[in-house]
Structure formats: structure tokens, C-alpha cells
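Structure first, then comments.
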Amino acid sequence: MTIKRTSRTIWSLVSVLLLLSCGTVTQYHVKQQVGIDQIFADHQMGQPIPVPSVDALFTLTEDQKQDFLKTINSVKLRHLSNSDKIEMYLRDKLNYFNFHSDTSTAAETMQHNSGNCLSLAILTKALAKMNNVGIQYELAKTPGVFQRENGFLLNSQHIRTVIFDKNQRYSPYYSSKDLKIKIDYFSTLGSRTLRKVNKDEFYAMFYSN
């Protein structure tokens, strides 16, 4: 009898506790409405990155401009064509040009003496504008380099520029190809031109990088 009473008492207490515990449960329904304008708000994406204009890509500092004009008008280069002057200037100024994966503007490339193939093409464009030189763009491919340690073939594609004098006089002894100068950071034996690149695609390459 005692056992049964105790058991019955225990079950009564458990039932009361269960009822009390269930009675204290409160359900909260959180409704959060986020508008499309809040999802794409600027503060959600962080601070916007400043994007230079197309004209700013090819703008040199005043000191850089004066240095270029002084060099190409010197006695040493005075007898050369306009496109030859640009080639000689780049050879002299960028003799120890360092490769850097980031794409830079013309002024940055000249200042730091570094950049990638597109940086060199942008700088060449800036100099061509100052010296009334025509310019074209090409997508080039260098020969594959076999990496023995990893066992894969590495193919490289890059951009290069072709400059030429706008008012050049053609000679029967020279073809039009002889009158054009290719400015190529990866000028290696066996490089070949894949196709021409128009100026809009060239500009887009900077912003995509």
C-alpha cells in the first residue's frame, strides 16, 4: 500500500510538473521583412572601390610628360621617326622593368617601373597619344613551357601593342610590316599573334583585372 501510494504520488507530481512546464512555453514568431533596396545597399557591400575613368588610365604626370618630351626632342633621338622614339624611350626608361600581376595606369607604371603586359600597353598608348603615333593591339601567345616538377604544360596569352607613324612614307624596298614596331613584354622566340584586339576590348581588360 505504501509503495502504491508513493508511486501514485510520484506520478501525480510528475504530471503536475509536466503540465506546469508545458504551460510556461512561449512561442515567438519573428517576422523580418527586408526590401530589395536594403539587400543591395552600399553598406552591405562595403566601401565602393574608386574606378578611374578611361582618360585617367592614359594620363601621365607633368614631370613624366616633360621627361618624355625632353628625351624624344634630344639630339640623340631627333633623327628617328616618332614610333622609333617611343621604342627607344621605353627601352631606356624600362630597362629594369619588373613584372607585377596587378594592372596599373600609365602614370603608376612609369613611377614604379613595374606592372604586367597590360600595364606596359597602357603606358605605350599614353606615349603614342603625346607623339601622334598610331597604335593597335594584339593578343599574342607564347610557346608552352613544360613544368617538370608538376608535369603540366603552361600556355600564356598576353596583350601587346603595335605602333606606327601615321604619316609614314612607304618605300618599295620595305613592306608595311617593316614600318611597324611591336612593343611586347613577353617577346620570346616562337610567339605568335592570335588575333587583333579592338580598343573597347582593350579598355575592358583593365576593368576586368
Inset, instruction - Report yes if T193 is in contact with a helix residue (DSSP H, G or I) (Cβ under 6 Å, 6 or more places away or on another chain) and either of a type outside the set (D, E) or modelled with pLDDT under 60 (or both), otherwise no. - result: no
Legend entry - Of residues in the stretch 176-190 being at pLDDT 75 or above and not β-branched (V, I, T), the one farthest from T124 (Cα to Cα): L179
Inset, instruction - May I ask you to list the residues in the stretch 123-152 that are of a type in the set (K, R), touching a strand residue (DSSP E or B) at 6+ places or on another chain (Cβ under 8 Å) and at pLDDT below 85? - result: K141
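Residues in the stretch 62-71: is at least one touching a strand residue (DSSP E or B) at 6+ places or on another chain (Cβ under 8 Å), open to solvent by 50 Å² or more (accessible area, probe 1.4 Å), farther than 20 Å from I163 by Cβ and without any contact (Cβ under 8 Å) to a residue 60 or more places away in the chain? I'd like the intermediate steps shown before the answer.
Here is the first cut: in the stretch 62-71, the ones touching a strand residue (DSSP E or B) at 6+ places or on another chain (Cβ under 8 Å) are none.
The answer is no; no qualifying residue exists.
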Legend entry - the stretch 84-108 residues that are closer than 12 Å to I122 by Cα, paired with ones that are part of a loop (DSSP other than H, G, I, E, B) (beta carbon under 6 Å, 6 or more apart): T103/N116; T103/N209; A106/F58; A106/L60; A107/L60; A107/T61
Inset, instruction - Could you tell me which residue of the stretch 84-140 is farthest from the chain's Cα centre (by Cα), considering only residues that are acidic (D, E) and assigned to a helix (DSSP H, G or I)? - result: D84
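The values are calculated or read from the model by the stated rules, or taken from the named source; none is laboratory data. Keep in mind the model is a prediction, meaning the values are calculated, not measured. FYI the Cβ positions are ideal-geometry reconstructions off the backbone, even for glycines, and counts take in every protein chain you see. Ligands, DNA and RNA are stripped out before the accessible areas are found, and what is left, the full protein with its side chains, is counted by its heavy atoms. Shrake-Rupley method; radii C 1.70, N 1.55, O 1.52, S 1.80 Å.
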